[in-house]
Structure formats: C-alpha cells, structure tokens
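**Q** This structure is in structure tokens; I'll ask about it shortly.
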Amino acid sequence: MEGREAQISSSGSKRGGWITFPFITGAVAGLALGSGGWTANLIVYLIQVFNLKSIDAAQISNITNGCSNLFPVIGATVADSFFGSFFVAAISASISMLGIILLTLTATLDPLTPQPCDNGSSLCIPPSKLQYVVLYTSLALSCIGSGGTRFTMATMGANQFNNPKDQGIFFNWFFFTIYISNAVSNTAIVYIEDNVSWRLGFGLCAITNFIGLAFLLLGNCFYLHDKPKGSPFTCLVRVIVATIQKWKVQPSSKIEDYYHKHDGITEIAATPKKSFRFLNRAALITEGDVGLDGLIAKPWRICTVQQVEDLKTLFRIFPLWSSSIFLGTPIGVQASLTILQALTMDRHLGPHFEIPAGSILVLCLITTAIFVTIIDRFLCPMWQKLTHRSPTPLQQIGLGHVLNILSMAISALVESKRLKIAQAHHLQGQPGSIVPMLALWLIPQLVVVGIGEAFHFPGQVALYYQEFPMSLKSTSTAMIAMLIGISFYLSTALIDLVQRITGWLPNNINNGRLDNMYWLLVVGGVLNFGYYLVCASLYKYQNVEKGEDGNSGTNK
C-alpha cells in the first residue's frame with residue numbers, strides 16, 4: 001500500500017510510520033522484561049518453593065517454554081484471520097499480566113505453597129491439588145499471554161511501514177530490544193528473586209508487563225491498523241479437499257484447463273509445475289466448478305494455480321523445517337540441565353556475590369546478540385568479498401548445526417569433569433551438596449551454542465520469509481516460534497524417556513550421568529546434520545531471481 005506511513009485517520013491525525021516506534025518498542029521491552037523475569041528462574045522457584053524434584057521442575061519449565069513458543073503461531077493466525085495484530089497483542093498482554101499476578105500470589109500467600117524444607121530432603125511435603133491448580137493456571141495464563149504478543153508485535157510494528165528498508169530497521173531494533181530486555185530480566189530480576197524475595201521479583205514482572213501494556217494502548221491513536229484478510233490456511237486446506245474430490249480426474253497439460261482468477265483478478269496464466277503433480281487436480285476446471293461470470297461456484301472443489309503452488313512450496317520446505325526441530329531439541333535439553341548443573345556448582349564471584357542459577361543462561365543471550373552484529377557487519381561482508389556472493393540462509397543454518405553439536409560435546413566433557421570432582425569428594429549420596437567446581441566452567445558450552453544461534457536463527461528467519469508464499473508472509477516468522485515450541489516439548493519427552501529407561505537422570509544429579517545424556521545429544525545432532533545436508537542439497541530456492549548474489553533461483 002503506497003503512502004502507508006502518511007495515511008490520515010478520520011480525525012485528521014497521521015497514522016503509521018516512525019511516530020509509532022516509541023510505543024511499540026516500549027511495549028515490547030515491558031512485556032519481554034515481564035515474561036523473562038519469571039521464565040528464567042522458574043526451575044529454581046519450583047525446586048525451592050514448591051519442593052519439586054529437579055528433573056520434574058525441568059520438565060515443567062520445558063512444557064511452559066514450549067507453550068510460550070507454540071502460541072505465537074495461533075496468535076498470528078487469529079490476528080491475520082479475524083481481529084488484527086493490535087487486538088490480539090492487547091488481549092494477550094492482559095492475559096499475561098493476570099497470569100503473572102496469580103504467580104505473584106503463590107509467592108505471597110502461604111496457603112498457595114507447601115511447607116518449606118531443605119533442598120533435597122526426603123521429608124519435603126509435596127504441593128496439594130489446590131496448590132498445583134493455582135500454579136499451573138498461573139503458568140498457563142502467563143505463557144499463553146506472552147506467546148500471543150511476541151511475534152504479533154513484530155508483525156504489527158512492520159505493518160506501520162511501507163518501505164522495506166524501514167521494516168528492516170524496525171526488525172533490527174525489535175530483536176535488539178528483545179535480547180536486551182531478556183538479559184536485564186535474567187540478571188537483575190532473577191537476582192532480586194534469589195536474594196531479596198520471590199514476591200518482589202514476580203511483582204516487578206507484573207509491573208513491567210503493565211507498563212508494556214500501557215505503552216501499547218497509549219499508541220493506539222497513532223497505529224495503522226491493517227484489516228484481517230481471512231485465514232491463508234483455509235486456501236491450503238481447500239487445495240487438499242479439492243484434490244481428493246478430483247482424485248480420478250487426469251491432469252491436463254493445457255494452460256486454459258486450469259483456473260487462474262483470484263478475487264476476480266486474473267493471475268498470470270501458467271501451467272502448474274510438475275512437482276507434486278497430483279495436487280494440480282485442485283486447479284483443474286471441471287463441470288460446475290466455475291459460474292457463468294467466471295468466478296468460483298464451488299470453493300471447496302476448485303482452487304487457483306497460485307494456491308496450488310503455495311501448498312507445493314510448503315511441501316518442499318517441510319523437510320528443512322523438520323530438521324530444525326531436531327536442531328532446537330538439544331538446546332532445550334541443555335538449557336534445563338545447565339541450570340541443574342549450576343545449582344550444584346560454586347557460583348561465587350568473590351566473597352560476597354553469587355551468580356543466580358537462573359541467570360547463567362544469560363551468557364547465551366549476550367553471545368547471540370554480540371555475534372549477530374559481528375556476522376552482519378564483518379563476517380558476511382568478508383565472505384562476500386572472498387566468494388563474490390552472499391552466504392545463503394542454508395549455509396548459515398548448516399554452520400549453526402555444527403556449532404550446536406560442538407556445544408553438546410563441550411557440555412558432556414564439562415559434566416564428566418564435574419562428576420569426577422563430585423566422586424572424589426564423595427558427594428554422590430548427599431542431595432543438595434555443592435561440588436567444589438566453579439560454575440564458570442559452563443561458560444564455553446553456552447557461548448558456543450549462542451554463536452550457533454546467531455547463525456541458524458537469522459538464517460531460518462530469512463529462509464522462511466523468503467520462501468513462504470505471499471499469503472503466509474506474516475505467519476512465516478512465527479514458524480520459528482513453532483519450531484522452538486515443538487523442540488521444547490520434544491526435549492521434555494526425551495528427558496522423560498531417558499529417565500525411565502536409564503539411571504542417568506536421578507533427582508540428585510551428582511549420582512547420575514548427565515554426560516551420557518549430552519553424548520546422546522551429540523549422536524542425535526550428527527545424524528540430524530546428515531539429514532539436513534541431504535535436504536539442503538536437494539532443495540532449490542523458489543523466490544530468488546537467477547543471478548542474484550550468485551545464487552540460483554531454479555525451481556523444482
């Protein structure tokens with residue numbers, strides 16, 4: 001839409017453009033601070049306050065993170081189809097605030113938590129059914145709310161601009177704000193939770209969430225609101241239904257036998273591509289499919305050629321997408337187990353300061369933020385100067401796979417050293433004991449996995465945004481969140497499976513074999529990398545013009 005930033009509302013005020021930036025950025029910062037402050041330290045809270053076993057706490061944390069990262073897809077779909085980004089973001093932020101307030105009440109009211117006990121004691125009283133209900137309700141509301149705002153806010157912000165350059169600048173500031181807010185919440189708020197009180201820490205999360213919601217609402221008179229256009233997934237489902245109904249009809253090689261109109265506008269006439277040829281039946285015109293006016297008479301029996309090709313594009317990219325699920329699963333496992341490791345290690349920096357266990361993962365965030373800049377400003381230009389072409393998204397993702405495997409191997413070696421020290425000091429049978437080994441040993445694995453994320457995360461965003469059909473552009477970036485969500489759920493299932501069939505993950509990890517768990521992730525990562533290489537070698541970019549940056553845009 002031309003002149004998007006300069007549109008005038010009925011009241012005469014300008015809508016869209018950079019005037020909306022402070023409001024959207026303030027909202028993103030407040031909401032990210034609110035969600036990051038409780039998610040980063042959830043495992044510690046469940047162990048210390050709700051008397052849960054360490055592995056059970058890690059599982060609940062993984063499920064919660066999975067929910068937070070799956071819901072953006074639902075939120076994006078609802079926003080695109082029915083209500084728009086602003087409405088979904090505002091409602092989600094309100095739900096998130098209610099969840100955090102309820103979580104704060106669990107840290108405030110004694111009847112909502114079990115009696116306190118020493119960490120690792122066998123005499124700990126487990127939570128009651130009522131306490132579990134309140135806890136799980138607060139977590140559900142909080143993660144659904146935070147998930148509904150994350151990528152919806154990104155889409156809403158980009159919608160304020162018509163110039164792709166301005167959209168790119170906004171996205172850079174959006175992710176920068178997310179990383180900085182998470183870093184602050186994972187350090188300052190987590191420190192308050194560990195050293196002052198959980199009530200104050202969670203209370204600050206609720207306050208920052210409220211501030212973020214206030215910023216969002218205050219800017220409403222300046223926002224450019226795009227009207228929902230209906231769910232793009234409906235068109236994809238129609239292709240499948242139409243294909244099934246015409247299964248016995250033979251595809252044609254003539255262009256005129258296929259339907260090319262969309263919303264009354266004729267598309268560029270072309271014969272459907274030969275790949276996934278069975279889907280071409282959905283666009284084949286048969287008796288009764290089209291009315292005398294040339295428009296579709298039976299929408300669940302006939303589709304346009306473009307709609308068929310859109311579904312084919314998703315089929316082509318699905319193998320690459322699935323390999324990224326198993327790229328994220330080890331990261332989810334590592335995040336949970338690293339916090340458990342930190343709880344058993346010496347976290348002191350000097351005589352008076354102790355690093356909160358929940359803050360240890362901030363090293364990964366900081367590393368990713370730094371290396372995203374290094375890659376963009378130095379490595380990519382250097383690569384382009386040497387090879388005369390820009391690194392492709394597939395190359396970036398592939399390098400991310402390698403670094404991820406390396407990080408898991410480092411994790412295994414560090415854990416082996418930690419276990420040897422624990423055995424040397426006879427700490428296997430002492431739950432809650434601290435191994436005389438600095439938690440700083442965990443830094444290398446977090447730095448390497450952070451560098452890996454700096455490669456494969458932007459690579460995936462670029463790949464999906466570039467390759468997804470136009471009708472799914474706003475949903476394409478939310479697919480990253482879906483990947484992360486599925487990965488967290490798979491990491492939960494993997495930990496549960498290993499715990500059931502091996503003795504590697506007992507409640508007292510000093511008596512376990514976490515190193516074997518990490519080596520298992522290394523083996524799985526190598527196999528998944530092989531699968532990725534096969535998928536990447538067979539994939540051909542769909543939406544890149546030939547000759548651009550030296551990359552081929554040949555279609556299958």
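The values are calculated or read from the model by the stated rules, or taken from the named source; none is laboratory data. Keep in mind it's a predicted model, so treat the numbers as computed, not measured. Positions of Cβ are backbone-derived with ideal geometry, glycine not excepted, and every protein chain shown enters the neighbour counts. Heads up: the accessible areas ignore ligands, DNA and RNA and are worked out on the full protein's heavy atoms, side chains in. Shrake-Rupley method; radii C 1.70, N 1.55, O 1.52, S 1.80 Å.
**Q** For the subset of the range 282-295 comprising residues that are of a type outside the set (D, E, K, R) and open to solvent by 60 Å² or more (accessible area, probe 1.4 Å), which member is modelled with the highest pLDDT? It would help to see each step written out before you state the result.
**A** First, pick out the residues of the range 282-295 that are of a type outside the set (D, E, K, R): 282-286, 288, 290-292, 294-295.
From what's left, open to solvent by 60 Å² or more (accessible area, probe 1.4 Å): 285, 292, 295.
Working: I285: 86, L292: 76, L295: 80.
Once the filter is applied, the top-ranked residue is I285.
**Q** Mind checking which residues of the range 120-157 are open to solvent by 30 Å² or more (accessible area, probe 1.4 Å) and over 16 Å from L42 (Cβ atoms)?
**A** G120, S121, S122, L123, C124, I125, P126, S128, K129, L130, V133, R150
**Q** Look through G291, G358, G332, G328 and report the one residue that is more than 24 Å from the chain's Cα centre (by Cα) and of a type outside the set (S, T, Y).
**A** The conditions single out G291.
**Q** If you scan the range 388-423, which residues turn out to be open to solvent by 30 Å² or more (accessible area, probe 1.4 Å), among the hydrophobic types (A, V, I, L, M, F, W, C) and within 15 Å of G512 (Cβ to Cβ)?
**A** Once the filter is applied, which keeps residues that are open to solvent by 30 Å² or more (accessible area, probe 1.4 Å), among the hydrophobic types (A, V, I, L, M, F, W, C) and within 15 Å of G512 (Cβ to Cβ), the range 388-423 yields only I421.
**Q** So which of L320, L314, L379, L337 ends up being out of contact with any Lys or Arg (no Cβ under 9 Å at 6 or more places or on another chain), under 27 Å from H425 (Cα atoms) and of a type in the set (A, V, I, L, M)? Reasoning before the result, please.
**A** Values: L320 fails: under 27 Å from H425 (Cα atoms); L314 fails: under 27 Å from H425 (Cα atoms); L379 fails: under 27 Å from H425 (Cα atoms).
Only one candidate passes the filter, namely L337.
**Q** Also, quick follow-up: Could you check, for the range 383-395, whether at least one of its residues is over 30 Å from I434 (Cα atoms) and either among the β-branched types (V, I, T) or within 17 Å of the chain's Cα centre (by Cα) (or both)? Step through it out loud before you land on a result.
**A** Filtering the range 383-395 for residues over 30 Å from I434 (Cα atoms) gives 383-395.
Remaining after also requiring either among the β-branched types (V, I, T) or within 17 Å of the chain's Cα centre (by Cα) (or both): 387, 392.
Taking every residue of the range 383-395 in turn, at least one turns out to be over 30 Å from I434 (Cα atoms) and either among the β-branched types (V, I, T) or within 17 Å of the chain's Cα centre (by Cα) (or both).
**Q** Now a separate question. Tell me which residues, restricted to the range 530-556, are at pLDDT 95 or above and surrounded by 18 or more Cβ atoms within 10 Å (Cβ to Cβ).
**A** Y532
**Q** Just checking, how many residues over the range 124-140 are in contact (Cβ under 8 Å) with a residue 24 or more places away in the chain and more than 18 Å from the chain's Cα centre (by Cα)?
**A** So the count comes out to 9.
**Q** Using the structure shown, decide if G26 is at pLDDT 90 or above, surrounded by 15 or more Cβ atoms within 10 Å (Cβ to Cβ) and over 28 Å from L340 (Cα atoms). Show your work before the answer.
**A** Numbers: at pLDDT 90 or above: yes; surrounded by 15 or more Cβ atoms within 10 Å (Cβ to Cβ): yes; over 28 Å from L340 (Cα atoms): yes.
Here the answer is yes, as G26 does meet what is asked.
**Q** Only one of these conditions is not met by W198: (1) aromatic (F, W, Y); (2) open to solvent by 10 Å² or more (accessible area, probe 1.4 Å); (3) more than 21 Å from T64 (Cβ to Cβ). Which number is it?
**A** Checking W198 against (1) aromatic (F, W, Y); (2) open to solvent by 10 Å² or more (accessible area, probe 1.4 Å); (3) more than 21 Å from T64 (Cβ to Cβ), the one that fails is (3).
**Q** Does L446 meet the test of being open to solvent by less than 10 Å² (accessible area, probe 1.4 Å) and part of a loop (DSSP other than H, G, I, E, B)?
**A** Working: open to solvent by less than 10 Å² (accessible area, probe 1.4 Å): yes; part of a loop (DSSP other than H, G, I, E, B): no.
So L446 does not fit the description; no.
**Q** I'd like to check something: does the range 487-494 contain any residue that is closer than 29 Å to T77 by Cβ, touching a residue at least 40 places away in the same chain (Cβ under 8 Å) and open to solvent by 60 Å² or more (accessible area, probe 1.4 Å)?
**A** Yes.
**Q** Give the number of residues within the range 211-245 that are of a type outside the set (S, T, N, Q) and crowded, with 18+ Cβ neighbours inside 10 Å.
**A** Final tally of qualifying residues: 15.
Condition check ((1) within 20 Å of the chain's Cα centre (by Cα); (2) at pLDDT below 85; (3) more than 27 Å from F378 (Cα to Cα)) across all residues:
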site: P444; (1), (2), (3): no, no, no
site: F455; (1), (2), (3): yes, no, no
site: V461; (1), (2), (3): yes, yes, no
site: L472; (1), (2), (3): yes, yes, yes
site: G485; (1), (2), (3): yes, yes, yes
site: T502; (1), (2), (3): no, no, yes
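**Q** Can you pull out the residues in the range 296-330 that are closer than 30 Å to I47 by Cβ and either open to solvent by 30 Å² or more (accessible area, probe 1.4 Å) or of a type in the set (D, E, K, R) (or both)? Spell out how you get there, then give the answer.
**A** Within the range 296-330, the first condition is being closer than 30 Å to I47 by Cβ, and the residues that meet it are 325-330.
Selection gives F326 alone.
**Q** Within the range 172-188, track down each residue that is open to solvent by less than 70 Å² (accessible area, probe 1.4 Å) and either basic (K, R) or over 13 Å from A29 (Cβ atoms) (or both).
**A** Those that are open to solvent by less than 70 Å² (accessible area, probe 1.4 Å) and either basic (K, R) or over 13 Å from A29 (Cβ atoms) (or both): N186, T187, A188.
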